[in-house]
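Okay, so here's the structure we're looking at.
The values are calculated or read from the model by the stated rules, or taken from the named source; none is laboratory data. Quick caveat: nothing in here was measured; it's all calculated off a predicted structure. Reconstructed Cβ throughout: ideal geometry from the backbone, glycine too, with neighbour counts over all protein chains shown. Protein only, heavy atoms only, side chains kept; ligands, DNA and RNA dropped before computing areas. Shrake-Rupley method; radii C 1.70, N 1.55, O 1.52, S 1.80 Å.
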Amino acid sequence: MKKAVGKFAMSHKLCNFAIMTNNLSGEFHRSGRIEVVCGSMFSGKTEELIRRIKRAIFARQRVEIFKPSIDTRYSDEEVVSHDRNTILSTPVDTSASILLLASEIDVVGIDEAQFLDDGLVDVCNELANRGVRVIVAGLDMDFKGVPFGPMPALCAIADDVTKVHAICVRCGALAYISHRLVQEDKRVLLGEKAQYEPLCRECYLKSLESAETSHP
């Protein structure tokens, strides 16, 4: 009986080792692909981007992270999650700059992709075709529920799409949208909890009805 238990324990250890080896090998040998992480504000998109990038760094891959230069909420040169996790990045004004700066790179991370131009779709495709793993994070919709910038097209061409969710601050359900709290109609408005709140679809519709009643 003891021998059987011992053999089982050894087999279990070998299995775990094989899984760990395969996971690490996957980080080393992953072919070119596009991964999109999307959702509302406060859903953990940037957190997930940083997690994947740090795994690639651990696997000793050559990594470069980019973000739109207009995103200066926390830092000019770092990607920063709402939980204050950070990683150094390169600010860019256009998607074409990414293609120029990403030579000899294994993994490219792009945060707040909704703020970049539509050329980002072709840039990501070109990088993936070169064998680069491209990880893109961004808002899938703006504060009015309209698909945002290049994100819908990126979701369409991606090899893998992960939709993450915040929690509705009014009822606790999964959030659907980033509801704007301030009276400003321009599409791009950088902000945090003072300017936005995550709401589920039902609470968002109730909020719109309430606003229409208050301002007929």
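Tyr204 meets all of the listed conditions (1) touching a strand residue (DSSP E or B) at 6+ places or on another chain (Cβ under 9 Å); (2) farther than 21 Å from Val37 by Cβ; (3) part of a loop (DSSP other than H, G, I, E, B) but one, namely (3). Pairing each residue of segment 44-68 that is acidic (Asp, Glu) with any residue that is part of a strand (DSSP E or B) and open to solvent by less than 10 Å² (accessible area, probe 1.4 Å), provided the two are 6+ apart or on different chains, yields C-beta distances under 7 Å for Glu48/Val37; Glu48/Ala137; Glu64/Val108.
Okay, residues lined up against (1) modelled with pLDDT of 95 or more; (2) surrounded by 21 or more Cβ atoms within 10 Å (Cβ to Cβ); (3) among the basic types (Lys, Arg); (4) more than 24 Å from Ser43 (Cβ to Cβ):
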residue: Arg55; (1), (2), (3), (4): yes, no, yes, no
residue: Thr72; (1), (2), (3), (4): no, no, no, no
residue: Ile87; (1), (2), (3), (4): no, no, no, no
residue: Asp93; (1), (2), (3), (4): no, no, no, yes
residue: Gly119; (1), (2), (3), (4): yes, no, no, yes
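Screening Lys163 against (1) at pLDDT 95 or above; (2) surrounded by 15 or more Cβ atoms within 10 Å (Cβ to Cβ); (3) within 20 Å of Leu116 (Cα to Cα) leaves a single unmet condition, (2). Taking Ser210, is it among the small types (Gly, Ala, Ser), modelled with pLDDT under 95 and surrounded by 19 or more Cβ atoms within 10 Å (Cβ to Cβ)? Against the criterion (among the small types (Gly, Ala, Ser), modelled with pLDDT under 95 and surrounded by 19 or more Cβ atoms within 10 Å (Cβ to Cβ)), Ser210 does not qualify.
Of the residues making up segment 148-160, just one is touching a strand residue (DSSP E or B) at 6+ places or on another chain (Cβ under 6 Å) and open to solvent by 70 Å² or more (accessible area, probe 1.4 Å), namely Asp159. Within segment 132-147, work out how many residues are over 11 Å from the mean Cα position of the chain (by Cα) and either of a type in the set (Gly, Ala, Ser) or open to solvent by 20 Å² or more (accessible area, probe 1.4 Å) (or both). Residues meeting the conditions: 6. Taken across segment 107-117, residues that are surrounded by fewer than 22 Cβ atoms within 10 Å (Cβ to Cβ), among the aliphatic types (A, V, I, L, M), part of a helix (DSSP H, G or I) and modelled with pLDDT of 95 or more do not occur at all.
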